[in-house]
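Below is one structure; the comments refer to it alone.
The values are calculated or read from the model by the stated rules, or taken from the named source; none is laboratory data. Just so we're clear, the structure is a prediction, and the values are computed from it rather than from any experiment. When we count neighbours, we look across all protein chains shown, and the Cβ atoms used for this are built from the backbone with ideal geometry, even at glycine. Heavy atoms of the whole protein, side chains included, go into the accessibility calculation; ligands, DNA and RNA do not. Shrake-Rupley method; radii C 1.70, N 1.55, O 1.52, S 1.80 Å.
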Amino acid sequence: MILVALEHTLLTAVWHILTDNVAFHDLGGDYYARHDPERAMRRITRQANALGFTVRFDPIEAA
């Protein structure tokens, strides 16, 4: 099932590149974390909880 999803993603990207005549632009590995930071924090918290950890997020003070 994962293979089909990956194939669909690749075909969709290729289709957009060819039909819109644009170059491929990699969004980066942290795209989703930058796009929706709260969702990324919820995901990290869920993963840590599943491993038996408790997490606390404290803001970093400006230098």
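Temperature 25 °C, viscosity 0.890 mPa s: under these conditions the Stokes-Einstein estimate for the chain, based on its Kirkwood radius over C-alpha pairs, is 162 µm² per second. Ordering Ile44, Ala33, Leu11 by Cα displacement along the dipole of the chain toward the positive end leaves Ile44 in first place; charges were set at the Cβ atoms of Lys, Arg (+1) and Asp, Glu (-1). Taking 0.36 nm per residue of separation and subtracting the current Cα-Cα distance, fully stretching the chain between Asn21 and Met41 would add 3.6 nm.
Converting phi to 3J(HN,Hα) with the Karplus coefficients 6.51, -1.76 and 1.60 and the offset θ = phi - 60°, region 35-48 yields 5, 9, x, 5, 5, 5, 5, 5, 5, 4, 5, 4, 5, 5 Hz in sequence order, with x at every glycine or proline. Taking all protein chains into account, the per residue accessible area for the chain stands at 101 Å² (1.4 Å probe). A simple rule links phi to the HN-Hα coupling: the Karplus curve 6.51 cos²θ - 1.76 cosθ + 1.60 with θ = phi - 60°, which for region 13-22 gives 4, 4, 4, 5, 5, 6, 7, 8, 6, 10 Hz, with x for Gly and Pro. Please sort by residue number the trypsin sites (Lys or Arg not before Pro) in the chain whose DSSP state is loop and whose Cβ has at most 16 other Cβ atoms within 10 Å. Listed in order of number, the matching sites are Arg56. Restriction of the chymotrypsin sites (Phe, Trp or Tyr not before Pro) in the chain to DSSP coil positions whose beta-carbon has at most 11 other beta-carbons within 10 angstrom yields Phe24, Phe53, Phe57.
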